[in-house]
Every structure is written in structure tokens, then in C-alpha cells.
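In what follows, a single structure is set out as C-alpha cells and then discussed.
The values are calculated or read from the model by the stated rules, or taken from the named source; none is laboratory data. Because the structure is predicted, anything quoted here is derived from the model rather than measured. Counting neighbours? That spans all protein chains shown, and the Cβs are built from the backbone with ideal geometry, glycine included. Ligands, DNA and RNA are stripped out before the accessible areas are found, and what is left, the full protein with its side chains, is counted by its heavy atoms. Shrake-Rupley method; radii C 1.70, N 1.55, O 1.52, S 1.80 Å.
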Amino acid sequence: VSADRKQVIRDFLTAAFAGDRACMASLLTEDCKVWLPQSSAIALGHASPVVGRTRIIDLFDGSASSVFENSAPRLEFLHQIAEGDLAATHFRIVTRTRTGLSYENEYMILVRFRGGAIAAWWEQLDTAYAFARLKGDS
Amino acid sequence: MSAADKQTARDYLAASFAGDRAAMARCMTPDCKVWLPKSAETNLGLGNPLVGRDRITEIFSGIAGSVFDHGTLQFDVTHAVAEGDYVVTHYRLRSRTKAGVPYDNTYLFLFRFENGAIAECWEQTDTAYAFATFQKEKS
């Protein structure tokens, strides 16, 4: 079960960056909640948490394509652990921004599962670095 | 040892917010490494990773007291996950800055343990919110 949950998170992230809405939908509960860092939620114009499968798919599908260049980012999974209904993933995104700057940032997410699907998602990343790069600061 | 490692992670955080260097040191291996967010390296002028128990305790025991009104500091562990040598701790930190500005942020820390002590730690938080709040003057 633990290995399955780790794979679900990897599959969800891969689907999010590929814009695969059907795959994302299959991995989320209907009433899933996503807590972004508060500065990210404000920047993206979302309340936090983002509630509901469709809203979450819109969030992930739209945010990556709006800030990163078209080619799929490289996802590097650094650590994954799981216990009970919780699983955590530490990963790195390596890509380029739409303004052509390199972007290499680490993320940590904590996920709660229900019935094998993602029911809650807490995400943290170095938002100061992300905003600076996406704004075009070298 | 998952339960013990979770408690050590919690003790480390409590000690760092209390500025208790001895208690922090008891939680770490001598050659412990702490991996900070990149922007913390830039904004705080720190190396990354921070290497060595003495250096880590020196830096972190001072940070909380330098930016927060110590009497208002409150941290709550909301989730802890353990598997093998690893623990992830999700916590919320609420306080007022030295300028009296409310601070309310959440953190995800990943710890790797060796023989019951923290050998590595990776930290992530909303750094944009943190730096912006630390720079605010009380209105």
C-alpha cells in the first residue's frame, strides 16, 4: 500500500505537468483539498485551500503551463516516505521559465489518502526563489 | 524507532525556537547537514548546506530570537510521517515579529536519522511570505 501511494503521487505530478486532466481526475477524491503556500495562493488568485477535484485540476493544469516553457519539466524524485494514510514526497523541478531563465527548485508535499486517492495535499516550496525567477530576475 | 525519531524531530524544533543550543545539539549527529531553501542562502548569507552541529546550533538558536518576539512564539506539529530512517514533520509557526507584525506560516521538514540522531534535514516553507513579513514595519 505504501509503495502504491508513493506511485500515485509520482503519477499525479507527472500528469499535472503533462496536462493530463483525465489522469489527474482519476487520482483525486471528489472533495479533495489543496493547501498552497499562502503567497502562491495569492499570486495565483486562489483561496487556500483549493477545494474540489475540478478546481484542483484547473489549478495544476493551468499554473505550470503559464509560467514554464512548453517542454515538460524534469521531475526528480528525491525522497518519498509513507505511513498510514499519509505520504510525503520531496522532489525537484528542473526547467526553464517562459522568459528563458533556468528554474531549479525543490518542493515538499504531504498527501493524505482516502480509498487510494488523494484527499488532501499540503505543499511547500521556496516561493521567494520561484517568484524571483518567474519575474525574470537572474 | 519511528515514534522516537518523530519525538526527536519535535524536540529539535522546540529547542531551536527556545534558543536552547544544548538541547538542539543532543538531537543531531556531530556532522549533521541542514539544507535550506535557496533564497535563504541568498537572503541570509548562509552556506548551503549548513554543515556541523556546532554551526547549525549557533545559527538556528539565534535566528528565532533575532526575528521573533520570543514570548509570542507558538509552534504546532500538525502531521508527522515516519518510514525507515526518515521523518517528515509538518508544523505551523505563529508569532509576532520584533516589529510586532503577526507571522503565521507552515513548514515541511524532512529529517534523516542515524542511530536516533538527526543526520540531515531539508527545510521548505513559504519564503516569500516570511521575508516580506520580516521586512514589514508595524503599521
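Residues that are surrounded by fewer than 15 Cβ atoms within 10 Å (Cβ to Cβ), more than 13 Å from every other protein chain (Cβ to nearest Cβ) and not β-branched (V, I, T): does the stretch A:77-96 have at least one?
For the stretch A:77-96, residues surrounded by fewer than 15 Cβ atoms within 10 Å (Cβ to Cβ), more than 13 Å from every other protein chain (Cβ to nearest Cβ) and not β-branched (V, I, T): absent.
Tell me which residues, restricted to the stretch A:11-37, are open to solvent by 70 Å² or more (accessible area, probe 1.4 Å), within 15 Å of the chain's Cα centre (by Cα) and not β-branched (V, I, T).
At the first step, the residues of the stretch A:11-37 found to be open to solvent by 70 Å² or more (accessible area, probe 1.4 Å) are A:14, A:18, A:21-22, A:26, A:30-31, A:33, A:35.
Retained after the next criterion (residues that are within 15 Å of the chain's Cα centre (by Cα)): A:14, A:18, A:21, A:33, A:35.
If the condition is that a residue be open to solvent by 70 Å² or more (accessible area, probe 1.4 Å), within 15 Å of the chain's Cα centre (by Cα) and not β-branched (V, I, T), then A:A18, A:R21, A:K33, A:W35 are the ones that fit.
Could you please find all residues in the stretch A:40-52 being within 15 Å of B:A132 (Cα to Cα) and more than 15 Å from the chain's Cα centre (by Cα)?
A:I42, A:A43
Quick check: anything in the stretch A:116-138 open to solvent by 60 Å² or more (accessible area, probe 1.4 Å) and among the acidic types (D, E)?
yes
In the stretch B:114-139, how many residues are open to solvent by 10 Å² or more (accessible area, probe 1.4 Å) and farther than 18 Å from A:W35 by Cβ?
Total meeting the criteria: 14.
Considering only residues that are of a type in the set (S, T, Y) and in contact (Cβ under 8 Å) with a residue 12 or more places away in the chain, look in the stretch B:42-73 and name the one that is farthest from B:F134 (Cα to Cα).
If we filter the stretch B:42-73 for residues that are of a type in the set (S, T, Y), which is where we start, we get B:42, B:57, B:61, B:66, B:72.
Filter once more, keeping what is in contact (Cβ under 8 Å) with a residue 12 or more places away in the chain: B:57, B:61, B:66, B:72.
Values: B:T57: 21, B:S61: 17, B:S66: 10, B:T72: 15 Å.
The residue in question is B:T57.
Inside the stretch A:121-137, can you point out the residues that are within 10 Å of chain B (Cβ to nearest Cβ) and either closer than 16 Å to A:L36 by Cα or in a strand (DSSP E or B) (or both)?
A:W122, A:E123, A:Q124, A:L125, A:D126, A:T127, A:A128, A:Y129, A:A130, A:F131
Taking the condition of being at pLDDT 95 or above and either within 14 Å of another protein chain (Cβ to nearest Cβ) or buried (at least 17 other Cβ atoms within 10 Å of the Cβ) (or both), how many residues in the stretch A:40-51 meet it? Write out each step before concluding.
The first filter runs over the stretch A:40-51 and keeps only residues at pLDDT 95 or above, leaving A:49-51.
Those still in the list that are either within 14 Å of another protein chain (Cβ to nearest Cβ) or buried (at least 17 other Cβ atoms within 10 Å of the Cβ) (or both) too: A:49-50.
Here the count works out to 2.
For the stretch B:42-69, give me each residue that is among the aliphatic types (A, V, I, L, M) and open to solvent by less than 60 Å² (accessible area, probe 1.4 Å).
Those that are among the aliphatic types (A, V, I, L, M) and open to solvent by less than 60 Å² (accessible area, probe 1.4 Å): B:L46, B:L50, B:I56, B:I59, B:I63, B:A64, B:V67.
Among the residues of the stretch B:103-113, write down those that are in contact with a Cys (Cβ under 9 Å, 6 or more places away or on another chain) and either open to solvent by less than 30 Å² (accessible area, probe 1.4 Å) or closer than 23 Å to A:A130 by Cβ (or both). Step through it out loud before you land on a result.
To start, the set of residues in the stretch B:103-113 that are in contact with a Cys (Cβ under 9 Å, 6 or more places away or on another chain) comprises B:109-112.
Once the filter is applied, which keeps residues that are in contact with a Cys (Cβ under 9 Å, 6 or more places away or on another chain) and either open to solvent by less than 30 Å² (accessible area, probe 1.4 Å) or closer than 23 Å to A:A130 by Cβ (or both), the stretch B:103-113 yields B:F109, B:L110, B:F111.
Can you run down the residue pairs with Cβ atoms below 6 Å, 6 or more apart or on separate chains, where the first is in the stretch A:115-131 and of a type in the set (D, E) and the partner is assigned to a strand (DSSP E or B) and buried (at least 21 other Cβ atoms within 10 Å of the Cβ)?
Filtered contacts from the stretch A:115-131: A:E123/A:I109.
When you check B:A82 against the structure, is it within 11 Å of another protein chain (Cβ to nearest Cβ) and small (G, A, S), yes or no?
Details: within 11 Å of another protein chain (Cβ to nearest Cβ): yes; small (G, A, S): yes.
When the stated conditions are applied, B:A82 passes them.
Yes or no, residue by residue, for (1) touching an Asp or Glu at 6+ places or on another chain (Cβ under 6 Å); (2) closer than 17 Å to B:R10 by Cβ; (3) more than 11 Å from every other protein chain (Cβ to nearest Cβ):
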| residue | (1), (2), (3) |
| --- | --- |
| B:R96 | yes, no, yes |
| B:Y107 | no, yes, no |
| B:L110 | no, yes, no |
| B:I118 | no, yes, yes |
| B:A132 | no, no, no |
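Just to check your reading of the model, which residue among B:D11, B:D31 is more than 14 Å from chain A (Cβ to nearest Cβ), without any contact (Cβ under 8 Å) to a residue 24 or more places away in the chain, open to solvent by 20 Å² or more (accessible area, probe 1.4 Å) and among the acidic types (D, E)?
Working: B:D31 fails: without any contact (Cβ under 8 Å) to a residue 24 or more places away in the chain.
After ruling out the rest, the residue left standing is B:D11.
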